[in-house]
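The next block holds one structure in the form of structure tokens; read it before the comments.
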Amino acid sequence: MEPTLFMARVAEQGERFDDMFDFLKQFLQTKNHFTPDERNLLSVAFKNLVTPKRTTWRTIMAVEQSQKASQSTQNAIDGYKAVIEERLHNNCQSIVDVLRNSVISRVEKQLEKEKTHAAFEERAFFHKMVGDYFRYASEAISSQASKERLPKFKKGALESYKKAMEICKKGLKPYNSVVLGLALNFSVFYYEVMGDPAKACEIAKNQLEEALEQIDECSEENFQEAQSIIELLKENLNIWAEEVEFE
């Protein structure tokens, strides 16, 4: 095992997620191809880096909405939210920069050499991941500084999700878990960030129909994961469709 990958796993066990991220940045410099296990490790590292800040921001919002605060207390709440937003945005941007500069450029070159299912999946996976972290940044916006950053985050998420969708259409089956996960996250982006439930429904509905038409071709090994994402798409579609009907 690569020393930096080994140390990343050690840092993970010690819940030192900043260190885990730093070790993985070094590891990424040496790779042109990533196995599913390595991609999963990256996902874990990146999520553990930003999840505490996303949770903190949501907690602050919940407290703010449940209590009527004095002006001085509200100022303190606003100040803390701004701090958390900046830290979250910086983390998300760091992840995006690593993916774009150290991963996607290499994966793109690999796909030029071999048009395999694995190459298409890997490429789509990382473009989707860039979209996800721009989306996470877009969800935590309250301060003026954050509002000024929002257009860049929205644009980055939209472009990355669209690029991932293009790749999926070219080389992956509609029931592939990466394809389904992309449709799930892209539709959530339209619903949560863009405020467009109709577009969210369109993405979820189209992907569901395409996947269900061919789901019998899905291997037993991959069926359970595909089915779990399909259920999430169905749940979201049912909720969002009601809103679209009332508009």
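When you look at Ala157, is it over 18 Å from Val103 (Cα atoms) and either assigned by TED's automatic domain parsing to the domain that holds Asn101 or charged (D, E, K, R) (or both), yes or no? When the stated conditions are applied, Ala157 does not pass them.
If you check Ala241, Ala198, Ala183, which single one turns out to be outside the structural domain of Phe125 (by TED's automatic domain parsing) and crowded, with 20+ Cβ neighbours inside 10 Å?
Working: Ala241 fails: crowded, with 20+ Cβ neighbours inside 10 Å; Ala198 fails: crowded, with 20+ Cβ neighbours inside 10 Å.
Of the residues listed, the single one that is outside the structural domain of Phe125 (by TED's automatic domain parsing) and crowded, with 20+ Cβ neighbours inside 10 Å is Ala183.
Of the numbered criteria (1) within 17 Å of the chain's Cα centre (by Cα); (2) touching a residue at least 60 places away in the same chain (Cβ under 8 Å); (3) farther than 30 Å from Ala119 by Cβ, the one Val50 fails is (3).
Hey, among Ser143, Ser138, which residue is surrounded by 23 or more Cβ atoms within 10 Å (Cβ to Cβ), in contact with a Lys or Arg (Cβ under 7 Å, 6 or more places away or on another chain) and touching a residue at least 40 places away in the same chain (Cβ under 8 Å)?
On the way: Ser143 fails: surrounded by 23 or more Cβ atoms within 10 Å (Cβ to Cβ).
The unique qualifying residue is Ser138.
Which is touching a residue at least 24 places away in the same chain (Cβ under 8 Å), among the acidic types (Asp, Glu), surrounded by 13 or more Cβ atoms within 10 Å (Cβ to Cβ) and not assigned by TED's automatic domain parsing to the domain that holds Glu192, of Glu64, Glu86, Glu108?
Working: Glu64 fails: touching a residue at least 24 places away in the same chain (Cβ under 8 Å); Glu108 fails: touching a residue at least 24 places away in the same chain (Cβ under 8 Å).
Among Glu64, Glu86, Glu108, only Glu86 is touching a residue at least 24 places away in the same chain (Cβ under 8 Å), among the acidic types (Asp, Glu), surrounded by 13 or more Cβ atoms within 10 Å (Cβ to Cβ) and not assigned by TED's automatic domain parsing to the domain that holds Glu192.
Considering the range 186-195, and only residues there that are in contact with a helix residue (DSSP H, G or I) (Cβ under 9 Å, 6 or more places away or on another chain) and of a type outside the set (A, V, I, L, M), the residue that is surrounded by the fewest Cβ atoms within 10 Å (Cβ to Cβ) turns out to be Glu192.
The values are calculated or read from the model by the stated rules, or taken from the named source; none is laboratory data. This is a predicted model, so every value here is computed, not measured. With ideal geometry, Cβ positions are generated from the backbone for all residues, glycine too; neighbour counts draw on all protein chains shown.
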